[in-house]
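Notes follow once the structure below has been shown.
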Amino acid sequence: MAERGFRAAAGHGVCELLMKMSRRHLLQASAAGLLLPRPLLAESPGNGRRFLFVYCKGGWDTTYVFSPMGDNAEVDTESNAQAIESGGILHVDHIDRPAVRAFFSKYGKQTCILNGFEVRSIAHDKAQRLLFTGSPSTGQDDWGSILASQSESNLTMPYIHVTGPSYAANTQESVARLGSNGQLNALLEFSESARPSSDIEALEDAFVLQRAMDGNRNFDARLGKVLESLTGVESLVGAINFEGGDDLESRLETVLNCFELGVSRCGIVQYDGVDELGWDTHGGNAIQSSHYQELFGVLTDLMDDLKRRPSPNGGSLYDEVCVVVCSEMGRHPKLNNHQGKHHWTYTSAMLVGAGVAGGQVIGQYDSQFFGLRVNPWTGQLDDRGEALTDKHFGATLLALGGLDAEVYSGGVPPIEAALR
Amino acid sequence: MLLLLWACGGDVQTEALTRDPELIALEAPRLLRRMSLDLRGSLPSLTELDRVEADPAALEDIWPTYLDEQAFEERLVELFSEQWLTRVDRFNVGIEDYHLPEDKEFEFHESVGEEPLRILAHIATMDRPWTDVVTWDGTMANPLLASIWPLERSDGEGWQPARWTDNRPAAGVLSSNGLWWRYYTTPFNFNRTRAAALTKLVLCEDYLERPVRLSAAPSLLDEDGTEESIRNDPACQSCHSTLDPIASALYGFWWYEIYDPAEMSQYHPDREPMGEMDLGVRPSFFGQPVEGLAELGQVLAEDPRLTSCAVEQAFQAFLRREADLADFGRLQRVQRAFEDGKLRYRELIRALLQEPAYRAGGFSEDASEESRSREAVDRLLSPSQWASSLSELTGFEWKEEGWEQLKNDRIGHRVLAGGVDGDGVDRPASSPSMSQALVVKRLAQLAAEHVVDRDLLSGQEGGLLRSEWWGLESSSDRIAALSELHWRLLARRPSAEEAEALHALFEAVESHAGEQKAWQSAVSVLLRDTEFVSY
């Protein structure tokens, strides 16, 4: 909030100029001496930033947490809920969800909520693809695999995929899948008689790698890199349990272990709600309350854990991990005949941690539950601003990761106001 | 856009029927290897490789014979599964609902998912016109499906043609249970998901590619407003005007309970009129009224997009990439051959495999960056190709608790190995990845152990490894044996240096752990080789 105020105070003319510039130009300008509230390019924290995606598949009802709509008679909300501010975040509070209040009280200042961005599909698979890639078509990489593949470090497992979607069209070498039931772990710990002794296996590995390196095809080079990564991963057996686990906490722990060892930049875990009952509540929408209660309890523990864990770069993981919590769609503002809610193309997301300009909510829903336009620079509602979409969401993540976001988002700018 | 252009045909210019100057063809033995893997999921025999090495033109005599093998039908099932995505690990009903034993669980899921794919493959290999895929009066069934569904199945093992006994209309794959179990609908969706799936799979027309923009007027905050929007808002009507009438034709598969096996096994002709009640529109296909599913199949068969979609999907399956505008001429050539061949799928494949883009193994010096990034000249072996080729070569089949490990993701490695799971992963991998390399490593170790035991220790003749290779003492004999193995597996003779390196590995392992392990290592490293895992 302080940063936006500073920016506004810098002068209306400067603000107009800033609005016209792309992020790249902006950063160049900052190096030239223009005053900006964010860290300068020389620090490049984005390049070292890690990303943990927590994906709530099915379409969450944002009126339970992110978008207080209690004063809107057109939108069906739960009874006894009220809007409160915790940690600078205006959110929905309910006696059944103390974990939500606890989270924002403790980590609200590190949290930015993006409300009312549009994902232009009401089909789960397309909306999911749109959310993660900005496109309904195959052939586009998801934000996580782009970030992972563009990492400056030579990572062993750039993008660790525990559960959830993965759209790596051109960045497949970056994605390390664990398998839905810890299959990767079983393969790493393989103890069948077919497996040779470690000495012989090392000889075989070296032979196969040399053959790939000796090849002159593009494929050979790619395979060589992959084989080197595999050797790196195999050296981690014992240091990391790659089983993934059955619950959200275990799966998140696997990702954090990879972060702590410095082998991954991104990780994704899917959360399907309490007892995996799912977020797609066409009937019995009230279960969403339980899902949020559990989710936010885990998120508080996650942030606490990030503080405790050392970063391989010094400091703690808390200093370099950005947690991204999202869902591919929202839910219709009205209950149906089965006390459920159908799909809705406007949704919300939550960014927590490193690089995030916290303590704010950007965007809002109008009386018809559509997203309102936003000035991406200031984060303020603005009729002349941008109608936020999945591309803005993705561009923001890429900018957080130190990338020139507009290259990947087709010119759609990041929400600069969300960046610290 | 691409489909629209070339499906319309007409006066559009086509590429000259000459070799693409930017592409260099794969050498004949490697090309034969590619064709064998693509058409039957196994490697060419030593005899075939030797013949093509001596006379590259012999390639053109050999590969067409693959189209007549049973393995071609099996291979088509695998390729169709990558497009139709019906092979999932879970359906809304399971073995417990049919009182099947636990050891039938994998077979159950595989069978249900394969039913529609078997229809497609059967029509393709029986040289029926491709339009039969939406008009054929029958299905395919194995003994398991015949035991749980209302079917009369021809005698014989494995998959056989079958007829439904529940008054189901003749609409080919549109009348299959497997398709609609995979693409099911919910009470609030009124078959729209199915209609969208149908047009995407059969016509390559994807409604869901179009952005959905909700508008404020009329208000969507009540059911009346939503209904009014669907019927009158141009933005909604751009899809719903054609989507809903197709959905209306699918109500014979309407289930009151989507977890009830009795509901889901049967077709319900009495529910066909419900479409008009729920959706407010009578069945029609892009403005042409239809009286039910059979007639829907008939009009689909007349739609030129049916054949152009088949061509596009085959292109994607065999060239391992999506077609784009630059492929316009290629697609049109193949489509003409398909049409001239009376829509027999084999003719489509024959034409496709003669395209330079299919046969490419590299690029000329002046090839553009665009071509280099677009053409997949080195293709990654798919999990199904691994499974079938290693089964044929080594006799090894990777199974655990009855589940084929390269055909499932419940406990298996299909997606880790670069395959599709029919749900979250809808596109096969085109590049190696760490998890894929690990799967290959373990698979190679397992297959190598198996084949050494089978061919060298148990004395079985005619296998990958010659029995006389066991106990060879001279270096030259060993090098000759290893070189033949290299040739057989990679379709390329090793250089003297490469043969020496392989021999050095063999000797190093033998001195450490004995001859059996040495042979295992030799087989294992060749199965992991960059030229084995790609083709």
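The values are calculated or read from the model by the stated rules, or taken from the named source; none is laboratory data. Note that the coordinates shown come from a computational prediction; the quantities given were computed from them, not determined experimentally. Cβ sites come from the backbone with ideal geometry, for glycine too, and all protein chains shown count toward neighbours. The area values use the complete protein model at the heavy-atom level, side chains included, leaving out ligands, DNA and RNA. Shrake-Rupley method; radii C 1.70, N 1.55, O 1.52, S 1.80 Å.
Enter the accessible area per residue of the protein assembly as shown (Å², integer; probe 1.4 Å; all protein chains in place).
Working: 36130 Å² over 955 residues.
On a per-residue basis, 38 Å².
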**OP:** Can you check how the C-alpha radius of gyration of chain B compares to 2.2 N^0.38 Å, as a plain ratio?
**Re:** 1.07
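In whole percent, what relative contact order does the range B:250-297 give with Cα contacts below 8 Å and a gap of six or more residues?
30
Which whole-number percent gives the relative contact order of the range B:36-106, counting Cα pairs below 8 Å spaced six or more residues apart?
On the way: 34 pairs, mean separation 21.1, N = 71.
About 30 percent, as a whole number.
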Subject >> Descending principal axes extents, the protein assembly as shown, alpha-carbon based, whole Å >> reply: 85, 69, 59
**OP:** Per residue of A:165-177, count partner chain C-beta atoms within 10 Å of its C-beta, then hand back the mean as an integer.
**Re:** 5
Subject >> For B:408-421, mean number of other protein chain Cβ atoms within 10 Å >> reply: 3
Original post:
How many nm is it between the label spots at B:Ala508 and B:Ser495, if each spot is 7 Å from the Cα in line with the beta carbon?
Top reply: 1.9
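Show that you can apply the helix-only estimate: for chain B, add -39,500 (n - 2.57) for every DSSP H stretch of four or more residues, divide by all residues, and state [θ] at 222 nm to the nearest 500. Each step should come with its number before you reach the end.
Values: 25 runs with 271 residues, N = 535.
Result for chain B: -15500 deg cm²/dmol, rounded to the nearest 500.
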Subject >> Those lysines that a straight Cα-Cα span of less than 22 Å connects to A:Lys109, excepting residues fewer than 8 apart in one chain >> reply: A:Lys307
**OP:** Normalise the Debye intensity by I(0) for the range A:323-377, one equal point scatterer per Cα, no solvent, then take log10 at q = 0.30 Å⁻¹ and round to two decimals.
**Re:** -1.24
Subject >> Chain pair A, B: total accessible area buried, heavy atoms, 1.4 Å probe, Å² >> reply: 5900
**OP:** Hey, can you grab everything whose amide H is under 5 Å from the amide H of B:Lys399? Only 5+ residues off in sequence or another chain; H modelled, so Pro and N-termini drop out.
**Re:** B:Gln405
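If I take R0 = 51 Å and measure r between the Cβ atoms of A:Ala73 and B:Ala376 in this structure, what FRET efficiency does the formula 1/(1 + (r/R0)^6) give, to the nearest 0.05? Let's see the in-between values first.
Numbers: r = 57 Å, r/R0 = 1.11.
Here the calculated transfer efficiency is 0.35.
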**OP:** For the range B:175-189, just list the computed ³J(HN,Hα) in residue order, Karplus coefficients 6.51, -1.76 and 1.60, θ = phi - 60°, integers in Hz, with x standing in for Gly and Pro.
**Re:** 9, 7, 6, x, 5, 7, 5, 5, 9, 8, 10, 10, x, 9, 9
Subject >> Principal-axis tilt of helix A:390-400 within chain A, Cα atoms, nearest 10 degrees >> reply: 60
**OP:** Take the range B:176-319, compute every pairwise Cα distance, and split them into 5 Å bins from 0; I just need the percent in each bin.
**Re:** 2, 9, 17, 21, 19, 15, 10, 5, 1, 0
**OP:** Could you work out, residue by residue across B:192-198, how many beta carbons of other chains sit within 10 Å of that residue's beta carbon, and then give the average as an integer?
**Re:** 1
Subject >> A:Val407 versus B:Arg271: modelled label distance in nm, points set 7 Å from Cα along the beta carbon direction >> reply: 5.2
**OP:** Please work out the FRET efficiency for the pair A:Asp382 and B:Ala326, using the Cβ-Cβ distance as r and a Förster radius of 60 Å; give the result to the nearest 0.05.
**Re:** 0.90
Subject >> Highest to lowest packing among A:310-318, B:67-75, scored as the average C-beta count within 10 Å >> reply: B:67-75, A:310-318
**OP:** Kindly express, to the nearest 10 degrees and within the range 0 to 90, the angle between helix A:287-308's C-alpha long axis and the longest C-alpha principal axis of chain A.
**Re:** 60
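Can you tell me the relative contact order of chain B? Whole percent, Cα pairs under 8 Å, sequence separation 6 or more.
Details: 808 pairs, mean separation 91.3, N = 535.
Rounded, it is 17 percent for chain B.
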Subject >> R0 of 45 Å, Cβ-Cβ distance A:Ser367-B:His99: FRET efficiency to nearest 0.05 >> reply: 0.25
Subject >> B:Asp61-A:Ala286 pseudo-label distance in nm [points 7 Å out on the Cα-to-Cβ vector] >> reply: 7.8
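Which percent of the accessible area of chain A is formed by carbon and sulfur heavy atoms (probe 1.4 angstrom)? Show your work: numbers first, answer last.
On the way: 7590 of 15700 Å².
The value for chain A is 48 percent carbon and sulfur by accessible area.
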Subject >> Helix A:248-260 vs. chain A, principal-axis angle (Cα, 0 to 90°, nearest 10) >> reply: 60
**OP:** Would you mind checking which residues have amide H under 5 Å from A:Val321's amide H? H placed 1.01 Å from N; only 5 or more apart, or other chain.
**Re:** A:Arg50, A:Ala354
